[in-house]
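One structure below.
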Amino acid sequence: MDERALTERLITYDTDSLEGMQSAAAFVKGWLEARDVDVTGETYNGRPVLTATVGAQKGPTVVLHAHLDVVPALPEQFEPRLDGDRLYGRGAYDMKGGLAAMMCAVSDLAAQDLVRVHFVCVSDEESDEQTKRGTDYVVQQGFTGDFAITGEPTNLHIGIQAKGVLVVRVHVSGRSAHGSTPWLGDNAVLKAIDVFRGIESLPFTRETSDLFDRPSISLGRIVGGDAVNRVPDTCAIDLDIRYLPGQDADEILADIGAQQDSEVTKVFHREPIVVARDEPYVQILAEAVCGVTPLRESIAVGRDGTSDVISFLNAGMPGVEFGPSGDGHHGPEEWVSIESLAQYRRALVEFVNLIPQRLRKPALKIA
């Protein structure tokens, strides 16, 4: 079974549900064990976690990190569909395609004995759980090393920076009145829209950096009103804020909380991801990518989204986001390039094989 067939199989599991996660994890475990890779399956915070180690017993150590959970989707999105080079389905791009190619790479790398390779797969990357996260758990269990790659979709570029994520709930207060006399009340839902527009115009939203044009703010949910014939006196809006490296989350929270008649609560937070472009393992990975793909120019990029790679950075080891090509993740027409899956697999294998010789002499300056 190659990376395309594996991706198709993984798409069929509805891994937005716990049952689907458990079934998919059992499949991943069985597939690797059938290729003589010993896999440990555990449950952490109610969700499956897989870990395995192949290659050298000691020496340079890299972590290949994946997740098998997805955001919600319609039933038909769990039926893989092929159109030329594009394989459609929920999770095809984020990140079952990357997981499938990574599984193949782990199998390919099992026989080499110069680099130690940890494979970890979690089921809560898409969760907004602030604590008890699967990747933090595997780091605590010792699955660390010199460098980590999480297979988030990057179009075969290397994500050396990612925006921080700050999810907040803003409570807006108003004044109730009868629906027949709305002028006697102060509609909290309408005020919440005004508050959101005010937040959109705060100074931090206009800042830029070398890899990012601006932060982003998405109004993901609005909750207000309990009867159609009553002016709502409370409303809550949930905002997904992606802020830039160098910006301060506490300052952003303070600015939001200063909006009139509103109170802000932090729901979820991740710091921005920053790894030096000239970090040796980044350079080795860049050389590997350029060796198996048409990419030749600078391939280091900033990512609007974030990922679990922050867990490895917090543990003191560098890590990047690096995955196959495609588009539409979290949307109705998500797809991954089949050709890029094979390129991604080869790039991971080439990266590991280059490490011993490149640690003895500098890698090419590519990223």
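The values are calculated or read from the model by the stated rules, or taken from the named source; none is laboratory data. Only a predicted model underlies this, so the values are computations on that prediction, with no experimental measurement involved. Neighbour counts run over all protein chains shown; Cβ positions are idealised from the backbone, glycine included.
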For segment 134-181, which residues satisfy the criterion of being over 19 Å from the mean Cα position of the chain (by Cα) and small (Gly, Ala, Ser)?
142, 145, 173, 174, 176, 177, 179, 180
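Quick grid of which residues meet (1) without any contact (Cβ under 8 Å) to a residue 12 or more places away in the chain; (2) in contact with a strand residue (DSSP E or B) (Cβ under 9 Å, 6 or more places away or on another chain); (3) closer than 30 Å to residue 73 by Cβ:
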{"residue": "288", "(1), (2), (3)": "no, no, no"}
{"residue": "309", "(1), (2), (3)": "no, yes, yes"}
{"residue": "357", "(1), (2), (3)": "yes, no, no"}
{"residue": "360", "(1), (2), (3)": "yes, no, no"}
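Residues of segment 228-250 being touching a residue at least 12 places away in the same chain (Cβ under 8 Å) and in a loop (DSSP other than H, G, I, E, B), which ones?
Looking only at segment 228-250, we keep the residues that are touching a residue at least 12 places away in the same chain (Cβ under 8 Å), and these are 228-247, 249.
Within segment 228-250, 228, 229, 231, 232, 233, 244, 245, 246, 247 qualify.
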Select from segment 247-299 the residues that are hydroxyl-bearing (Ser, Thr, Tyr) and either in contact with a Gly (Cβ under 6 Å, 6 or more places away or on another chain) or within 29 Å of residue 340 (Cβ to Cβ) (or both) and write down the one among them that is surrounded by the most Cβ atoms within 10 Å (Cβ to Cβ).
281
From the list 339, 333, 321, exactly one residue is closer than 14 Å to residue 159 by Cα, modelled with pLDDT of 95 or more and not hydroxyl-bearing (Ser, Thr, Tyr). Which is it?
321
Identity of the residue in segment 113-144, part of a loop (DSSP other than H, G, I, E, B) and either on the phi > 0 side of the Ramachandran plot or hydrophobic (A, V, I, L, M, F, W, C) (or both), that ends up surrounded by the fewest Cβ atoms within 10 Å (Cβ to Cβ)
142
Kindly list, by first and then second residue, each pair from a residue in segment 11-40 that is farther than 22 Å from residue 330 by Cβ to a residue that is at pLDDT below 95 and surrounded by fewer than 16 Cβ atoms within 10 Å (Cβ to Cβ), limited to pairs with Cβ atoms under 8 Å and residues at least 6 apart or on different chains.
31/1
Taking segment 215-246 and the residues there that are surrounded by 13 or more Cβ atoms within 10 Å (Cβ to Cβ) and hydroxyl-bearing (Ser, Thr, Tyr), the one that is farthest from the chain's Cα centre (by Cα) would be 234
Scan segment 313-367 for residues that are crowded, with 22+ Cβ neighbours inside 10 Å, assigned to a loop (DSSP other than H, G, I, E, B), within 18 Å of the chain's Cα centre (by Cα) and of a type in the set (A, V, I, L, M, F, W, C) and jot them down.
322
Restricting to segment 267-300, name every residue that is among the hydrophobic types (A, V, I, L, M, F, W, C) and more than 24 Å from residue 121 (Cα to Cα).
267, 276, 290, 292, 295, 299, 300
Of all residues in segment 179-209, how many are surrounded by fewer than 11 Cβ atoms within 10 Å (Cβ to Cβ) and touching a residue at least 40 places away in the same chain (Cβ under 8 Å)?
2
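Condition (residue is farther than 23 Å from residue 99 by Cα, small (Gly, Ala, Ser) and assigned by TED's automatic domain parsing to the domain that holds residue 77) applied to segment 280-296: is it met by at least one residue? Explain how you work it out, then say what you get.
Keep residues of segment 280-296 that are farther than 23 Å from residue 99 by Cα, which gives 280, 296.
Next, from what is left, pick out any that are small (Gly, Ala, Ser): none.
Checking segment 280-296: not a single residue is farther than 23 Å from residue 99 by Cα, small (Gly, Ala, Ser) and assigned by TED's automatic domain parsing to the domain that holds residue 77.
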Would you point out which residue out of 309, 301, 274, 267 is of a type in the set (A, V, I, L, M) and farther than 21 Å from residue 156 by Cα?
267
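Among the candidates 328, 319, single out the residue that is of a type outside the set (Ser, Thr, Tyr) and more than 20 Å from residue 278 (Cβ to Cβ). Reasoning before the result, please.
Details: 319 fails: more than 20 Å from residue 278 (Cβ to Cβ).
It is 328.
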